[in-house]
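Visitor: Please see the structure below; I have some questions.
The values are calculated or read from the model by the stated rules, or taken from the named source; none is laboratory data. The shown structure was predicted, so the numbers you read here are calculated from the model rather than taken from an experiment. In this analysis, Cβ positions are derived from the backbone assuming ideal geometry, glycine residues included, and neighbour counts consider all displayed protein chains.
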Amino acid sequence: MHHVIIGAGPAGVIAAEQIHRHDPEASVTMVGDESAPPYSRMAIPYYLTGQIEENGTYLRKSADHFEHIGVEVCHDRVTEINTADKQATLANSGTLDYDKLLIATGSSPLKPPIPGIESEGVYHCWTLDDARNIIKRCQSGHRVVLVGAGFIGCIILEAIAAGGADLTVVELENRMVPRMMNETAGGLIKAWCEKKGITVHTSTKVESIEEYHDSGLQVTLDNDQSTTADLVVLATGVRPNIAFLNGSGIDTDHGILVNEYLSASYADVYAAGDVCQGRDFSTGGYSVQAIQPTAAEHGRIAAGNMTGNTQFHQGSINMNVLSTMGLISNSFGLWMGVNGGESAEVTDADKFKYLNLQFQDDVLVGASSLGWTDHVGVLRGLIQSKIELGEWKQKLQADPTRLMEAYLANTRALGFNAHVL
């Protein structure tokens, strides 16, 4: 049995290891389109700040790890899938026949239509090559413009600021981390960053980037301001890597459409990670969740199903945990609320603390927090368990900080083990 995995990120690596565990005699080929060993993009900010060396980003530290478990790592790019013949075409080294195929190709950064975006000194922060270029230009005192203040942008922000750069952030939406925080919390994150000496423009668009004297860049904004920079970093969203599937017959939407077993529309084809439009725990529908915990879960479940160890995917919970200059923020589930639902919130702006709970009937379906580190696991536990809160809904609406009391009262009544969180 030959398993081919396209993609060498967390989903692909975990799947390869799980296939070996379930079927040690199977042949596994993992294809990655970068020259480096499989690595974690989430570790790149630590590389930027010098907290780790480049090899610290590698997903597995032993140089012979994949060889030891019988996984061949192929550094190439898949350009085409022939589902009829069960064959993957590689850009540089012929074709690969497969019995089972896992597509875990992840996503790629979006490049906004900004004049001058191809200028020297403008980079994404997505690959190790990007990181090497940023390190060359991002030193203490250098001027850096970061375009985009979403989840990825804020992770990059912290790394750049830690290096002592003079940082300006430009965000198109009216708040920071708009797909994770509401206007109140996103506004507090902006105020926190400004307090730390970072210039933040929200509700602002970059109109152009022009080469400036002394190898600098001139960045013009649509709020009648402009700034010079030694480096421009783009963090303007990502798109699943599915273009190479054109003509394969594999059904796609925003990502690869799968069923509850992560199986695609063709037999023996599976998908995992950022490229997979999998089940959402909170809505019951199918969506792309470009977060590493979901990728890891997909990889584990897909590998089980590829080896005959049937596993049902109940759905991944939307979950984000972020540190922005030391300010911790979290969002879980339907943090933005549901139609006809109710909410409760508490704000201490002076201390940069905020907590928001979202209810559907008497079930907690979503939550977001800022500056709260106590009992964060309880938020996820209450949402995933779908516990009917009863009288505790009203108590939480009156005081959202009584989360642990609500959790203990309800789990004890139902006979759950309250120590799991």
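Visitor: I'm told SER385 meets every condition in (1) in contact with an Asp or Glu (Cβ under 8 Å, 6 or more places away or on another chain); (2) of a type in the set (Gly, Ala, Ser); (3) under 19 Å from ILE317 (Cβ atoms) except one. Can you identify the failing condition by its number?
Guide: The failed condition is (1).
Visitor: In region 195-206, which residues are part of a strand (DSSP E or B) and either exposed (fewer than 15 other Cβ atoms within 10 Å of the Cβ) or not assigned by TED's automatic domain parsing to the domain that holds ARG137 (or both)?
Guide: Answer for region 195-206, where residues must be part of a strand (DSSP E or B) and either exposed (fewer than 15 other Cβ atoms within 10 Å of the Cβ) or not assigned by TED's automatic domain parsing to the domain that holds ARG137 (or both): just THR199.
Visitor: Collect the residues in region 351-366 that are of a type outside the set (S, T, N, Q) and either in contact with a helix residue (DSSP H, G or I) (Cβ under 8 Å, 6 or more places away or on another chain) or at positive phi (or both), keeping them in residue-number order.
Guide: Within region 351-366, PHE352, TYR354, LEU357, PHE359, ASP361, ASP362, LEU364, VAL365, GLY366 meet the criteria.
Visitor: Pick out the one residue from TYR261, TYR270, TYR286, TYR266 that is buried (at least 20 other Cβ atoms within 10 Å of the Cβ) and among the aromatic types (Phe, Trp, Tyr).
Guide: The conditions single out TYR270.
Visitor: Out of all the residues in region 100-132, which are in contact with a helix residue (DSSP H, G or I) (Cβ under 7 Å, 6 or more places away or on another chain) and in a loop (DSSP other than H, G, I, E, B)?
Guide: ALA104, THR105, GLY106, GLY121, CYS125, TRP126
Visitor: Among the residues of region 217-235, which ones are out of contact with any Asp or Glu (no Cβ under 7 Å at 6 or more places or on another chain) and buried (at least 20 other Cβ atoms within 10 Å of the Cβ)?
Guide: Result: VAL219, ALA229, ASP230, LEU231, VAL232, VAL233, LEU234, ALA235.
Visitor: Is it true that some residue in region 97-106 is within 22 Å of MET180 (Cβ to Cβ) and either surrounded by 15 or more Cβ atoms within 10 Å (Cβ to Cβ) or in contact with a strand residue (DSSP E or B) (Cβ under 7 Å, 6 or more places away or on another chain) (or both)?
Guide: Looking for residues that are within 22 Å of MET180 (Cβ to Cβ) and either surrounded by 15 or more Cβ atoms within 10 Å (Cβ to Cβ) or in contact with a strand residue (DSSP E or B) (Cβ under 7 Å, 6 or more places away or on another chain) (or both), one finds at least one in region 97-106, hence yes.
Visitor: Can I ask one more? Could you tell me how many of the residues in region 96-113 are within 24 Å of the chain's Cα centre (by Cα), touching a residue at least 40 places away in the same chain (Cβ under 8 Å) and farther than 17 Å from ALA15 by Cα?
Guide: Residues flagged as within 24 Å of the chain's Cα centre (by Cα), touching a residue at least 40 places away in the same chain (Cβ under 8 Å) and farther than 17 Å from ALA15 by Cα within region 96-113 amount to 6.
Visitor: Would you confirm, using the coordinates I've provided, whether ASP253 is buried (at least 19 other Cβ atoms within 10 Å of the Cβ), without any contact (Cβ under 8 Å) to a residue 40 or more places away in the chain, farther than 21 Å from GLU17 by Cβ and assigned by TED's automatic domain parsing to the domain that holds ILE6?
Guide: Against the criterion (buried (at least 19 other Cβ atoms within 10 Å of the Cβ), without any contact (Cβ under 8 Å) to a residue 40 or more places away in the chain, farther than 21 Å from GLU17 by Cβ and assigned by TED's automatic domain parsing to the domain that holds ILE6), ASP253 does not qualify.
Residues are listed down the side, and each one gets a yes or a no for (1) under 28 Å from ILE135 (Cα atoms); (2) in contact (Cβ under 8 Å) with a residue 24 or more places away in the chain:
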position: ASP23; (1), (2): no, yes
position: ILE44; (1), (2): yes, yes
position: ILE52; (1), (2): yes, no
position: ILE69; (1), (2): no, yes
position: GLU72; (1), (2): no, yes
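Visitor: Now a separate question. From the residues in region 269-320 that are assigned to a helix (DSSP H, G or I) and at pLDDT below 95, which one is nearest to GLY106 (Cα to Cα)?
Guide: GLN292
Visitor: Scanning region 133-143 for residues that are in contact with a strand residue (DSSP E or B) (Cβ under 7 Å, 6 or more places away or on another chain) and assigned to a loop (DSSP other than H, G, I, E, B), which turns out surrounded by the most Cβ atoms within 10 Å (Cβ to Cβ)?
Guide: CYS138
Visitor: So which of VAL378, VAL346 is outside any loop (DSSP other than H, G, I, E, B) and either surrounded by fewer than 16 Cβ atoms within 10 Å (Cβ to Cβ) or at pLDDT 95 or above (or both)?
Guide: Being outside any loop (DSSP other than H, G, I, E, B) and either surrounded by fewer than 16 Cβ atoms within 10 Å (Cβ to Cβ) or at pLDDT 95 or above (or both) holds for just one of VAL378, VAL346, which is VAL346.
Visitor: Name every residue in region 162-173 that is under 21 Å from the mean Cα position of the chain (by Cα) and either hydroxyl-bearing (Ser, Thr, Tyr) or surrounded by fewer than 23 Cβ atoms within 10 Å (Cβ to Cβ) (or both), in order of residue number.
Guide: Those that are under 21 Å from the mean Cα position of the chain (by Cα) and either hydroxyl-bearing (Ser, Thr, Tyr) or surrounded by fewer than 23 Cβ atoms within 10 Å (Cβ to Cβ) (or both): LEU172, GLU173.
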